[in-house]
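Here the structure is laid out as structure tokens; the discussion comes afterwards.
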Amino acid sequence: MNLKLKVWKQEGPDTKGYFKNLEAKEVSPDMSFLEMLDVVNQDLIKKGDEPIAFDHDCREGICGSCSMVVNGDPHGPEKAVTVCQLHMRKFKDGDSLVIEPWRAKAFPIVKDLITDRSAFDRIIQAGGYISVNTGNAPEANSIPVPKVKADAAFQDATCIGCGACVAACKNASAMLFTAAKISHLEALPQGKVESQTRVLNMIGQMDKEKFGACTNTGACSAVCPKEISLKTIAKANSLFRKAAIQKS
Amino acid sequence: MNQVFCRTPFLKQLVGLAGLALSGFVLSHMLGNLYLFKSPEAYNLYGHKLMSLPGFIIIEWGLFAVFLLHIFLTIYLVIQNKKARPKGYAVSPKKKAKASLASKSMQYQGVLILFFLIWHLITLRYGSYNTVMIDGKEVRDLFGLILPIFKNPILMSFYVISILLLGTHLSHGFSSSFQSLGFYHEKYTPLIKKLGVVYAWVVTLGFLSQPLYIYFFYKA
């Protein structure tokens, strides 16, 4: 199939960007979205043009590198997948696709579709450590963790930090990401000890990075490739209030 | 003040808490207004009793403070939110967009409701003060005040549109407050969402019934 692409081009963080019209010819429905872009880039390189810059790494939906908005939807139209796992069979011959980078003040554009998401790293860093002794791996049954808690922690820990939540939110809020990182440690006994300082510091960093505030529209959870639930945000809100009152 | 109390989740909780208090107020306001269906006298007497309550002024100013808190914190947060995305998308989301229009346009509804509120206070609460005698008591003629407003097609329509906006605002605001305050339960959260919608409909229909009744059915 053949597709018409409108791709965002931008030289650097401070330069003015624009949409470039491109064509993706003879695209196989079995290709992933990124493979389709690879083919388009090969054509551009052959012609002596500059290829489209985009982030990618594992291409199996677990690293959180790939990040682009396809026709207004972060990671494209399919539910619960990253754009690397989106396949071209989801589109029809002759479709027009508008491809844009994540747009948020906290995620400055590095080039074309690549954004600097180190704000997320700084939020995680602000969370600090958990009280686990170094040395050999502890005996597995020395700290009992109920199955329900382990599952809840795991569900939140599946967040790959791709930033689709920020991209989808009308306020560019990082609440779903931050809440997932707060609550996956909170659910486990090892993470309980530093719970209050962690929630205060991570939320503090989130605000410092100039993300917007959560207005509970639910757009973040709807586009999350790992389907992190809104209840995570409620939990973080509750933890934050308690910590703010008790720690101040 | 300690910095943690200036963080966005905390401010959102204050907005939500204020919103819930205001939700309680609009419900009681709507229920009180239903005296209109009994008789103009009952309506005026209800208003008189309410305003003669000991500490009425304190309650009124407290309510005013809650309104200001709700409005000004929201204005601050909206400014922060706009700054968080200086450049928007060329295409708006289609397939995955789960966010309802009501939830996405809360601030715009808020601004329009504020205009209505100011007009409402100017024309009614602080409007002309005429009295009537009921059972030997001199009471404010509130019914006489609302009658020309609800009989005027333009003002009545403005009132109806404003109430519809208020209902939309409440339908998201009520359940959203619980989320902001950190209350989430597998079983009760879906119920709260439904309750929020039912509550919004009750308030909307309750408020709408009055101008529509006066305009179409009431004959002096």
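Worth pointing out:
- The fewest-to-most ranking of B:Arg85, A:Arg89 by surrounding Cβ atoms within 10 Å reads A:Arg89, B:Arg85.
- Between the C-alpha center of the stretch B:166-220 and that of the stretch A:1-75 there is a gap of 45 Å.
- The relative contact order of the stretch A:3-110 comes to 33 percent, based on Cα pairs under 8 Å that sit 6 or more residues apart.
- Most positive-pole-ward Cα, B:Pro40, B:Pro93, B:Ser103, against dipole of the stretch B:1-141 from beta carbon charges: B:Pro93
- Intensity falloff of the protein assembly as shown expressed as log10 I(q)/I(0), Debye formula with alpha-carbon point scatterers, at q = 0.10 Å⁻¹: -0.84
- Percent antiparallel among DSSP beta bridges (both partners in the stretch A:3-110, rounded to 5): 75 percent
- Residues in the stretch A:67-77 carry Karplus couplings, in order, of 7, 8, 9, 10, 6, x, 9, x, 6, x, x Hz; the curve used is 6.51 cos²θ - 1.76 cosθ + 1.60 with θ = phi - 60°, and Gly or Pro positions show x.
- Angle between chain A longest axis and helix A:33-46 axis [Cα atoms, degrees, rounded to 10]: 40 degrees
- Within a Gaussian network of chain B (alpha carbon springs, distance under 10 Å), most fluctuating of B:Gly196, B:Gly24, B:Gly173: B:Gly24
- Straight-distance crosslink candidates among lysines, where the alpha carbon sits under 16 Å from A:Lys79 and sequence neighbours closer than 8 are dropped: A:Lys90, A:Lys226, B:Lys94, B:Lys95, B:Lys96, B:Lys98
- Pairs of alpha carbons in the stretch A:3-110 whose separation is greater than 18 Å (percent): 48 percent
- Between 0 and 90 degrees, the angle of helix A:231-247 with respect to the longest Cα principal axis of chain A falls at about 40 degrees.
- Charge dipole (the protein assembly as shown, unit charges on Cβ, about Cα centre) - positive-most of A:His184, B:Phe217, B:Cys6: B:Phe217
- Restriction of the trypsin sites (Lys or Arg not before Pro) in the stretch A:1-79 to DSSP coil positions whose beta-carbon has at most 16 other beta-carbons within 10 angstrom yields A:Lys16, A:Lys25, A:Lys47, A:Arg59, A:Lys79.
- Gyration tensor verdict on the stretch B:1-118 (Cα atoms; rounded if a/c is under 1.5, prolate if a/b is larger than b/c, oblate otherwise): oblate
- Helix runs (DSSP H) in chain B reaching 27 Å along axis by Cα, Kyte-Doolittle at least 0.5: B:8-33, B:56-84, B:153-180, B:188-216
- Likely footprinting exposure, A:Phe177, B:Phe183, B:Phe217, B:Phe174, fewest C-beta neighbours within 10 Å first: B:Phe217, B:Phe183, B:Phe174, A:Phe177
- Cross-link partners of B:Lys151 among lysines (Cα-Cα below 30 Å; sequence separation of 8 or more within a chain): B:Lys38, B:Lys49, B:Lys137, B:Lys219
- Residue of A:Val83, A:Val223, A:Val70 that the Gaussian network model of chain A assigns the largest fluctuation, springs spanning Cα pairs under 10 Å: A:Val70
- When the C-alpha to C-alpha distance is required to be over 22 Å, the pairs from A:Lys105/A:Lys235; A:Lys46/B:Lys87; A:Lys111/B:Lys87 that qualify are A:Lys105/A:Lys235; A:Lys46/B:Lys87.
- Tensor-based shape of chain B (alpha-carbon gyration tensor, a/c under 1.5 rounded, otherwise prolate or oblate): prolate
- Listed by Cβ neighbour count within 10 Å, with the fewest neighbours leading, B:Lys137, B:Lys12, B:Lys82 appear as B:Lys137, B:Lys82, B:Lys12.
None of the figures in this text is laboratory data; all of them are computed from the coordinates on show. In this text, all values refer to a predicted model and were calculated from it rather than measured experimentally. Please note: Cβ atoms are built from the backbone with ideal geometry, for glycine as well, and neighbour counts cover all protein chains shown.
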